[in-house]
Each structure stands twice: as C-alpha cells, then as structure tokens.
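Peer 1: The structure under discussion is supplied below as structure tokens; questions concerning it will follow.
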Amino acid sequence: MVEDAPPPKKQETLTPGEVQAVDPAGQAPMDDSITCLARTIYWEAKGADAEDMSAVASVVLNRLGHEGFPDSICAVVKQGVESKSCQFSWWCDGRPDQVEEAQRYAVAKEIARKALNQQLKDPTGGALYFHDRSVRPDWAKAYRKTAQTTHFLFYKPNQALAR
C-alpha cells in the first residue's frame, strides 16, 4: 500500500499496474496518496477531459508544503473538514465518496500516477485554487487567474500578497 507521503523521487516511479492495484473498485478508505489524489481527480473533474483532470491533480500537488497548506496529499485533500469548509467540495458534500464509474476512476488513477511520478506538466501555471466555470465565487477576486480549461478557472495569490 502506498503511504501518504510526498511524491516519489525520480528513480522511485509507480507503474500503471501498481497504481491500478490500489483501491481497484474505488471503495477503500482514504488513507494513501494514490487513493486521495485519484478520488479528488475523479470527483472534482467528474465528466471532464484529461486536461481538466490533470489540472485538478496539479492544484493538489501545488499545495503540498506551500504556506497555509498541509504537507501530505491526503491532508491537502481533507483540509477544512473539521470546520466544514472543505477545500475540495466533494470531501464534505455529505454524499457517498465511493466511485460509481470504474473506467473513469481508472483514468483518474493513471493521471494520479503520472502526477505522483512528476510526469505531468502543470497546465495551471502553479495555481493553488480553482473553481468550475459555472460559478463566480467572491474569493476569486483576491487572486490572479493563471489558466483555464474546458470546465475550470485557476488562480494563485497575487505577487504583492504572496510571501
């Protein structure tokens, strides 16, 4: 089982077979990096294309160790659960978190594998935040837009505000 740890170093890459063996049916507890990242990709970018899914993965990884964010993938994904102000809406929406579409989850796990192996180009320009294009959250005004995909807009702090 893959522990909740920083992404592997270059020589410690995960194979597709290893990743697909973890949480094969999307029913396992959320306690390892692969499952936490893959479920976040699956639920946040449900119905989206690979570019959107890769962008969601990039936001999770961009947050790792960044000021104000935890230093493990599962902690990043679960951040805010104690105050019901989750960073990733699927984590505290009150609905079951088990996967419903095995094929889409396999795609999410493959994107998670590439992200953890540092084989994904970050299409977000270093974004720490994102939202669906169909909403206009007030918080977005405080940040600089870095990228957009089919379904999402991506942001990071303004340089003047960043530390």
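Every number in this text was worked out from the coordinates using simple rules, so none of it is lab data. Here the structure is a predicted model, which is why all the values come from computation and not from measurement. Cβ placement follows ideal geometry from the backbone for every residue including glycine, while neighbour counts extend to all protein chains displayed.
Peer 1: How big is the charge dipole of region 27-124 about its Cα centre, in debye rounded to the nearest 20, if each Lys and Arg gets +1 on its Cβ and each Asp and Glu gets -1 on its Cβ?
Peer 2: 80 debye
Peer 1: Could you order the peptides 53-60, 40-47, 141-148 from most to least packed, using the average number of other C-beta atoms within 10 Å per residue? List each step's numbers first, then the result.
Peer 2: Values: 53-60: 25.8, 40-47: 22.0, 141-148: 14.6.
Most protected by this proxy first, the peptides run 53-60, 40-47, 141-148.
Peer 1: Provide the net charge surrounding G126, with neighbours chosen by a C-beta distance below 11 Å and charges set as Lys +1, Arg +1, Asp -1, Glu -1.
Peer 2: On the way: positive: R63, R144, K156; negative: D122.
Value of the local net charge: +2.
Peer 1: For region 27-124, calculate the relative contact order in percent as a whole number, restricting contacts to Cα pairs under 8 Å that are 6 or more residues apart. Each step should come with its number before you reach the end.
Peer 2: Numbers: 117 pairs, mean separation 36.3, N = 98.
Relative contact order of region 27-124: 37 percent.
Peer 1: Taking the highest mean first, how do the peptides 117-123, 131-137 order by number of other beta carbon atoms within 10 angstrom per residue? Don't skip to the end; give the middle numbers.
Peer 2: Values: 117-123: 14.6, 131-137: 11.3.
Result, highest mean first: 117-123, 131-137.
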